[in-house]
1. Grab the beta carbon distance between Asn114 and Asn182, set R0 = 35 Å, and tell me the FRET efficiency rounded to 0.05.
2. Of Gly423, Ile260, Asn213, whose Cα points farthest to the positive end of the dipole of the chain (charges on the beta-carbon: +1 Lys, Arg; -1 Asp, Glu; origin at the Cα centre)?
3. Describe numerically, in nm with one decimal, the distance between label points set 7 Å from Cα along Cα→Cβ at Asp147 and at Arg403.
4. So how far apart, in nm, are the two label points at Lys131 and Asn424 if each is 7 Å from Cα heading toward Cβ?
5. Within the chain, what whole-number % of the accessible surface is contributed by carbon and sulfur, with the 1.4 Å probe and all protein chains included in the calculation?
6. Roughly how many nanometres apart are two label points built 7 Å out from the Cα toward the Cβ at His387 and Asp206?
7. Relative to the present Cα-Cα distance, how much length would full extension add between Lys160 and Asn261 at 0.36 nm per residue of separation?
8. Kindly state, to the nearest 0.05, the FRET efficiency for Tyr90 paired with Lys249, given R0 = 35 Å and r defined as their beta-carbon distance.
Amino acid sequence: MSERLYIFDTTLRDGEQVPGCQLNTVEKIQVAKQLEQLGVDVIEAGFPISSPGDFNSVVEISKAVTWPTICALTRAKEKDIDVAFESLKYAKRKRIHTGLGTSDSHIKYKFNSNRNEILDWAVSAVKYAKKYVEDVEFYAEDAGRTDNEYLARVIEAVIKAGATVVNIPDTTGYCLPQDYGNKIKYLMEHVDGIEKAQISTHCHNDLGMATANTFEGIINGARQVEVTINGIGERAGNTALEEIAMILKCHKYLGIDTNINTTKIYQTSRMVSSLMNMPVQPNKAIVGRNAFAHSSGIHQDGVLKNVQTYEIMDPKDVGIDDNSIVLTARSGRAALKYRLEINGVEIKDEDKLDKIYQKFLVFADKKKEVTDDDILMLAGADTASDHAVSLDYLQVTTGKGVRSVASVGLDIAGQKFEDTASGNGPVDAAIKALKKIITKQMTLKEFTIQAIDKGSDDVGKVHMQVEYNGHVYYGFGADTDIVTASVEAYIDCINKFRN
């Protein structure tokens, strides 16, 4: 009989800490429902005390999903725990996730404390959380750099205090796989009462070893893994859910199963990528667009003779239909709706679908073939109609030996404005014209063009950071014309400004 590995998804908490990837409550609910369909066991819905928005998201996610455990993160403080419990009042299955740093550097520099005080603090936090819920998870932050003997003392104490799950984070992504595996093994062998709790991994990818470390943790006894969709997360990210799920599916002899419906992986990946405006790198394992692509002549020859020569997974196992419907200007609404659903976007409102379809027809006339990235962009762009500022028109004159001139027309809350400016290139000219209309003191901090696919008619994607009134705002734009994408990204930032 196979052993069960529990999947703890922190896309909506750790994953959402990525700059520029914040979701509103409606979008978080959409992701949470998709995670439920995917089969995750625990959804870490947020850090309730951090903001009213996070608190509300935990409340609404608790109402929206049925069977997964809903988890709220806290520091080891009574007020945090009080607020977390309040946010979980509608959850069918509740978990409070509390803890603090246990490494010497955290103890000395973060807390100005000592090992004995930290141990007592950890025990007090778990006991306090236990008054509210039965299911309490304790995290030993920076466990990866914590002395194993002291870590074992802390873990033993919190289990005696009532912790049902003990999280061993490699917070900085420092550990080597063998070292992390040995740490889990040490706890399994030296913690009295370890069988009363579940050991959880939480690995970061700073050195590119998050998945390897998580896997070593599993091999040595961890039975919960903390992961995110597409491996998103703080700094270089977290362990990718899809990688762990497919490692275990491909290596069935290990005798470890998850509840993940792997055919929902690709759909979930695209939904998260689209909502967070965070493209998946083409060579990303499992879900990258090149994950099942073969360009080498030798590889192509082998695959044509027998697909197993160079593929260890069936694309259908992760939800990729290798006989996918290709979208062109002659495709109908049904085909568009089908491709959107495959990519994790469900459109139930026929009026909204019709608006996207009309944009699709205009877009498809510019391209021979419309990609999944394109339709996700179109579906996301449909929300722009709700914004106060939108691009009405853009006209640019540019060329070698002449100064670029741009005319920009904006619709601001139903009123039309236009202006013209020259600049060092078409993008510079267009943004200068835009700033003549929007007369706020704004500073462009970062301008990045990402994921221009093959072919001159494919979509250019632009990410921007604009500083206004002491805050940095993140914007995203996509279009077949990179100047238009740049202006749309700048406008996206402006629509997020706080007055």
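The values are calculated or read from the model by the stated rules, or taken from the named source; none is laboratory data. This structure is a prediction, so every number in the text was calculated from the model and none was measured. Ideal geometry is used to build each Cβ from the backbone, glycine not excepted, and the neighbour counts take in all protein chains shown. These area figures cover heavy atoms from the full protein model, side chains too; ligands, DNA and RNA do not enter into them. Shrake-Rupley method; radii C 1.70, N 1.55, O 1.52, S 1.80 Å.
1. 0.85
2. Sorting the options by dipole projection puts first Gly423.
3. Once both label points are built, they end up 6.8 nm from each other.
4. So the label points at Lys131 and Asn424 sit 6.2 nm apart.
5. Numbers: 11060 of 22860 Å².
It is 48 percent, rounded to a whole number.
6. Using points 7 Å along Cα→Cβ, the separation is 3.5 nm.
7. Numbers: separation 101, 0.36 × 101 = 36.36 nm, distance 3.50 nm.
This chain segment gains 32.9 nm when fully extended.
8. Values: r = 34 Å, r/R0 = 0.96.
For R0 = 35 Å, the calculated efficiency reads 0.55.
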